Amino acid sequence: MKWFKRILFLLVIIIVLVIIENYPKLTIISGYASKYMASSVLVGNRMPASINTVDLDIPLVNLATTEFVNDNGFAMSNVYGLQERKAIDRKGLGAVLVNKDYEDGEPYLQPNREQKFDSLPYPLGHLAPKDSIFPEIDYDKLNQAVALPFGNPEVQKTRTLLVLYKGQLLHERYVEGFDATTPILGWSMTKSVLATLYGVLEHQGKLQMDLPAPVAEWENDERKNITLNHLLRMQSGLEWEEDYGKISDVTKMLFLESDMTAAQKAKEAIAAPTEIWNYSSGTSNLLSGILRQQFATHQAYLDFPYASLIDKIGAHSMLIEADLEGNYVGSSYGWANTRDWGRLGQLYLNKGQWKGEQLFAPEWTDYITEPTAHSDGTYGAHFWLNSGGIYPDVPKDLYSMNGYQGQYVFMIPSKHLVVVRTGLAEFPEFDINGFLSTLVSAIE
């Protein structure tokens, strides 16, 4: 009996220790679930039931109980009744997690948008795409290629696919519940949108990439040598842990912080700039904060992405969500329908020109596709590359915007291709090399 009591006591101790260790994770889980639910309903125009049964049915997150309250337009989530989190709607800024200090009805600014719908065919305009036949395309191979992402839906989980060739729509497909108007969360594809805004400012003569980053906290230590170029290339040498499976720098930033621009700013240097490459969503949000510093008012900062880029190319479904302090979450929270993600890819194939206007310098494309040291040819400046041959059977000039769970905009200049794929699975479940190699083989 004494041994039984001792064993029971040890089990109780172990259970208590497990609870203590994992309890802080619950607020991350419920934060993720409530934020994702609110954004997917309010921005993505999705139904809560589908979001719960499909999108949120992933390890750990599926421990949460999440609901969307239609009457008030917010989402609530908890894990077994613990660590309840709430995400609310802010018009023009998307959904945001609130904290205990937030008071309902707090005023906030929202971006001004000028959305013009013109009479040109997609992708330059908003009319139906041209119906064109290209003699250099093997359409049997094309049909074989575009079927691949949907061949095993339970595994590949592809939701939308779009192919542009020479600036014309070649193919698009949507699974049930999604269509050409459905906004899709790009996750880290948003980083490439943020980088493009830097390209726009550089073209306007307002920024230089090789100048020190304007961060007052760094002026008197070794971090003073970090430039905007180092930040865009993820080679600042700053400490950062990008691990979504535990409480880490990135999960604390996205699901606990009111000001997401500050997390990376506070980190110490673990190497000199250019000595290491370290992927960091904190760096992207720091860059969003630096972007805000370039404008005299908060309103001007909020208006800039839309007036100078997004609405300029007619990507009117695109929306970048902001944190509680009104900073764009440039690391993760950009939404757009599949066609509008395609417009951004086409802008890059056009080297920054859109209907006769140069939005960023042609050389900006060369800059963002120059391989960054220590990335093994996989990363440029907030864009992913195939320079190192990660997709061995695809042209090496491919570069892309990549996001969590397999959101992609691929640009392949040598084949005049833009390819958008969205879904809930990435490599190896979704075979990027196999799909893209089959696709490019259809073009002689």
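Quick note: the coordinates plus some simple rules give every number you see, no bench work behind them. All values derive from a computational prediction rather than experimental measurement. For neighbour counting, all protein chains shown are included, and Cβ atoms are generated from backbone atoms with ideal geometry for every residue, glycine included.
Label zone (ALA373, point 7 Å along Cα-to-C-beta; backbone nitrogen cut-off 15 Å) within segment 271-286: 271-278. Highest mobility in the GNM of the chain, judged by mean-square fluctuation with C-alpha springs under 10 Å and restricted to ASP340, ASP138, ASP249, is found for ASP138.
Pairs of alpha carbons in the chain separated by more than 33 Å make up 36% of all such pairs. Scanning the chain for long hydrophobic helices, with DSSP H runs required to stretch 15 angstrom or more by C-alpha along their axis and to average at least 0.0 on the Kyte-Doolittle scale, returns 2-42, 189-203, 281-293. Charged side chains reduced to their Cβ positions (Lys and Arg at +1, Asp and Glu at -1) give segment 332-444 a dipole of some 360 debye around its Cα centre. Legend: ranking of residues LYS224, LYS396, LYS267 from fewest to most surrounding C-beta atoms inside 10 Å; resulting order LYS224, LYS396, LYS267. Adding -39500 (n - 2.57) for every DSSP H run of four residues or longer, then dividing by how many residues the chain holds, sets the calculated 222 nm ellipticity at -9000 deg cm²/dmol.
The modelled label-to-label distance for the pair TYR80/TYR102, using points 7 Å beyond Cα in the direction of Cβ, is 2.6 nm. FRET efficiency for the LEU120 to ILE58 pair, using the beta carbon distance and R₀ = 41 Å, is estimated at 0.55. GNM remark for the chain: springs join alpha carbons under 10 Å apart, and the peak mean-square fluctuation among PHE134, PHE255, PHE68 falls on PHE134. Separation of segment 336-375 and segment 56-70, taken as the distance between their Cα centroids, equals 36 angstrom.
Working from Cα pairs under 8 Å separated by at least six residues, relative contact order for the chain is 19 percent. Based on C-alpha pairs under 8 angstrom that are at least 6 apart in sequence, segment 147-214 has a relative contact order of 15 percent. How high is the relative contact order of segment 178-304, in percent, with contacts defined as C-alpha pairs under 8 Å that are six or more residues apart? RCO, segment 178-304: 23 percent. In the elastic network of the chain, a GNM with C-alpha springs shorter than 10 Å, the most mobile of MET209, MET76, MET411 is MET209.
Filter LYS35/LYS191; LYS91/LYS351; LYS312/LYS415 down to the pairs with a C-alpha to C-alpha distance above 28 Å, please. Cα-Cα > 28 Å for LYS91/LYS351; rest within. Of the residues ARG343, ARG292, the one with the fewest other Cβ atoms within 10 Å heads the list, and the complete ranking is ARG292, ARG343. The distance separating the Cα centre of segment 281-311 from that of segment 97-168 comes to 23 Å. Going from the residue with the fewest nearby Cβ atoms within 10 Å to the one with the most, VAL193, VAL419 rank VAL193, VAL419. Evaluate E = 1/(1 + (r/R0)^6) for VAL69 and TYR139, where r is the Cβ-Cβ distance and R0 equals 60 Å; express this FRET efficiency to the nearest 0.05. Efficiency, from the Cβ-Cβ distance: 0.80. Which one of LEU231, LEU197, GLY345 is farthest out on the positive end of the charge dipole of segment 139-441, using unit charges on Cβ (Lys, Arg +1; Asp, Glu -1) and the Cα centre as origin? Of the listed residues, the answer is GLY345.
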